[in-house]
Ligand code: MN
């Protein structure tokens, strides 16, 4: 008798006031959604997106194709509901959500996915990310413009290139695979993966026998790392004590470009090997970094590339713009931009969202180039704080003390590692 143990939890984290994540744990369907948009809109978006998925619970499907189609249709329906709400209600304009949904029927697992929440599979000590992130940084990695390590601290790492509810159409990734006893499937929001290393996550899943405890530990780890975002963790454990050898270990994946069964795991080499306990040697770490880097940029590069451009030009820009901020100048005025400090062809990927009382001329000269280049902020609050703490010129003119104080203040207020921000500025200037 097979047994599927499902458990999950969501946590507001240490920084955010509300929790815009949502999760669904039923008998045969499971999902994580990470909503965005001000004034409760993010919560509405994520909760609404789960509804069509929930309606699939307990349904029996004739075959794999029927199950995958139903799951994909549920994600499409989620997109329609959220985008319709966003259109009808001005408070909800620009809201959106990620959606990573799983349907289990017998041994078969189906996953449908949009956005940057993730599905991972832990099998035989191998931890594998099943889903592609639909994010700008993933696109930049695929393009070879930044490394995985740079992506982890990139100020625009939360910018998604595909989401539920931002336009009338949505591209849905989906995949199917056969579960084998001992498998653990993890669905989670970026509040976990943005701050806790894959290695650490996998080790937590391997070490604990109690799923509830594993979920709690993962949330604790994210909070201990600062908890900058809402954290949602959903864990499925597939146990089958009576089964003999698993009948098949073939994993297939399908996306909108590659729709049929492929030996995905073998081809992509995406598994990162893990051994219980003990940290990896530097060689192992390097090896893993290489294999992870090597697979990115193959299958998904074109899809994501098209999605980025498509999303920007045809309706997705609202969403892209709504998740990222930087402080810069408009004429001589210091302003907060929403969007990405970048230009694609003739298109600016940013717009002014808030103006300040501060003129560029008021700012100490040494700091002005940073504003001209654009200074990344984690969110709107961070951007406002950055402006509040700008090193301003005094009537006496600048002296060395002012300069040092202001520098320190600006760095303290930043939250992010100043070195990373500076590195990014350099990159932007070069681009
Ligand atoms: Mn999030």
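Throughout, read-outs are computed from the coordinates displayed, never taken from laboratory work. Since the model is a prediction, treat every value here as computed from it, not as a measurement. As a convention, Cβ positions derive from the backbone with ideal geometry for all residues, glycine included, and neighbour counts pool all protein chains shown.
Details
- Filtering region 35-49 to residues that are within 16 Å of the ligand (Cβ to nearest atom), more than 15 Å from residue 116 (Cβ to Cβ) and assigned to a helix (DSSP H, G or I) leaves 41, 43, 44, 47.
- Complete set of residues in region 71-95 that are surrounded by 17 or more Cβ atoms within 10 Å (Cβ to Cβ) and within 18 Å of residue 109 (Cα to Cα): 71, 72, 74, 75
- Selection within region 121-139: residues that are within 16 Å of the ligand (Cβ to nearest atom) and farther than 16 Å from residue 97 by Cβ. The member of this set that is surrounded by the most Cβ atoms within 10 Å (Cβ to Cβ) is 136.
- If you go through region 195-227 and pick out every residue that is within 23 Å of residue 33 (Cβ to Cβ), part of a loop (DSSP other than H, G, I, E, B) and free of Cβ contacts under 8 Å to residues at least 40 places away in the same chain, you end up with 3.
- Flag if residue 144 is within 16 Å of the ligand (Cβ to nearest atom), farther than 28 Å from residue 79 by Cα and part of a loop (DSSP other than H, G, I, E, B): no
- Residue match in region 50-70 (condition: surrounded by 19 or more Cβ atoms within 10 Å (Cβ to Cβ) and within 16 Å of the ligand (Cβ to nearest atom)): yes
- Number of residues in region 85-117 that are more than 16 Å from the ligand (Cβ to nearest atom), assigned to a strand (DSSP E or B) and in contact with a strand residue (DSSP E or B) (Cβ under 9 Å, 6 or more places away or on another chain) equals 9.
- In summary, residue 32 fulfils each of the numbered conditions (1) away from the ligand (no atom under 15 Å from the Cβ); (2) under 23 Å from the mean Cα position of the chain (by Cα) with the single exception of condition (1).
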